[in-house]
Amino acid sequence: MQEAKAAVTPDNTFDWDAYERSCPNYRRKNKKFNNGTVIYSDDPKTMELYELMIDSVENLKVPQSQQITKGKITSVTGRYAYVDIGWREPASLDLNKESAEYLDLFVEGNEIEIILKNVDLGKKVEVVEGSYTEVVKHLKYREIYENIGKPIAFSAYVKELIHGGYFLDISGVEVFMPGSLGGVNKLVNFESLLHKTIYVVPINYAKDKDYIVVSHRDYLQSLIPQALEDVNAGDGKSGFITGTTKFGVFCEFDQCLTGLIHKSDLDDDTKTLFDDRSLKPGDSIEFTVKEITKDDRIILTQKEFVPEIDPWEDIRERYQVPSQVQGTIRKKTKYGMFIELEPKVVGLLHISDIPDYIDLNTNKEGDTITVDLVKIDTDSKKITFKI
């Protein structure tokens, strides 16, 4: 009989770590990867390449849906553009779903910013889909939202009229504008804005409806100061009636200005319609700017306009300083007398400049008086007299 072989018992005292450390082709390094210790080759070039690979994997950002990222277009083939976003696979963009105005951007080598719309890394063939149009829309929405309450205007297309207002499009972002905010005055024809491009200002966010509220009125009102500077008395204008009252007609013109034609300044034909109550909001009307008051009220007229000459414009050509002039006492006060040289040219003869030998009681309002003209201030429109 053959002798039975003795069972081989592993030598648990053998130091495997020491053995691996002594191996000329391997060494252990204390860098962890995937929860394990990585073994490196002792070849310097191999180690360098391996280090680069490990660093690139560790710095790899896993794409996620709704993530905004930058990338470079690597190729455009037919319907799709492919963008390198720093992942194992490029993101694909369906050009049929992109806005036509952006198609010229999809050229190999261009760097663009996209939003990842569909990311599925669990499939055998990973799915990473993106959109440039959607990121433009996303960023524009954020820009509009962040400017709520600020005097920032956006160009908007009025795409739909509904009960109570309009839906507008700002670079793909849908916003809402109440009908009451469609004009500087109450709109006469709500359909007049439909399918037009206008400027609007974001004023609020309707949380219950989840849309941004905008105003065309706020934009128009911001134009008023400059429009007032550009309009002058005597300018002929055309506009439309916004309303009537018992004392006249309100008219809108130059997009944002509103003025009043007093009934006494209506021409004969318009006066007849006014008396018959036949004038309606929206009716076209022509007129002339008669006056802009100090508080920026605009007075209009349909009568022949005779421009009012400001006597202060060339007053230094008509009166010399110093000189003796004749004027009319218009008012007497405890401070002295106000003397008028001509209509709208009035100066003060202060009591301290009147000699004691002159009896003020003998001078009455309406009397002519000879005085010395000693000062003309055209900026403040003041004249100073002495005797």
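The values are calculated or read from the model by the stated rules, or taken from the named source; none is laboratory data. Small disclaimer: the values here were computed from a predicted structure and weren't measured. Note that we place each Cβ from the backbone using ideal geometry, even for glycine, and neighbour counts take in every protein chain shown. Note: accessible area is taken over every heavy atom of the protein model, side chains too, but ligands, DNA and RNA are not part of it. Shrake-Rupley method; radii C 1.70, N 1.55, O 1.52, S 1.80 Å.
Of the strands (runs of 3 or more DSSP E) contained entirely in region 75-128, those carrying at least 2 residues that are open to solvent by 30 Å² or more (accessible area, probe 1.4 Å) fall at 80-84, 111-120.
For residues in region 177-196 being among the aliphatic types (A, V, I, L, M) and over 20 Å from the mean Cα position of the chain (by Cα), which is nearest to Asp210 (Cα to Cα)? So that I can check it myself, show each step before the final result.
The initial filter retains those residues of region 177-196 that are among the aliphatic types (A, V, I, L, M), namely 177, 181, 184, 187-188, 193-194.
Now narrow it down to the ones that are over 20 Å from the mean Cα position of the chain (by Cα): 187-188, 194.
Details: Leu187: 26, Val188: 29, Leu194: 23 Å.
Checked region 177-196; the qualifying residue nearest to Asp210 (Cα to Cα) is Leu194.
With respect to the conditions (1) touching a strand residue (DSSP E or B) at 6+ places or on another chain (Cβ under 6 Å); (2) within 30 Å of Glu342 (Cα to Cα), Pro281 falls short on a single one, namely (2).
Is it the case that Val249 is over 23 Å from Ile299 (Cα atoms) and either surrounded by 13 or more Cβ atoms within 10 Å (Cβ to Cβ) or aliphatic (A, V, I, L, M) (or both)? No, not satisfied. Taking Gly336 as the residue in question, decide whether it is in contact with a Leu (Cβ under 6 Å, 6 or more places away or on another chain) and of a type in the set (Gly, Ala, Ser). It is true that Gly336 is in contact with a Leu (Cβ under 6 Å, 6 or more places away or on another chain) and of a type in the set (Gly, Ala, Ser). Within region 265-314, being touching a helix residue (DSSP H, G or I) at 6+ places or on another chain (Cβ under 9 Å), open to solvent by 60 Å² or more (accessible area, probe 1.4 Å) and more than 30 Å from His216 (Cα to Cα) holds for Lys271, Asp275, Lys303. Checking each residue in region 346-382 for being among the β-branched types (Val, Ile, Thr) and crowded, with 16+ Cβ neighbours inside 10 Å picks out Val346, Ile354, Ile369, Val371, Ile376.
Among the residues of region 216-238, those that are buried (at least 20 other Cβ atoms within 10 Å of the Cβ) and either in contact with a His (Cβ under 6 Å, 6 or more places away or on another chain) or not hydrophobic (A, V, I, L, M, F, W, C) (or both) comprise His216, Arg217, Tyr219.
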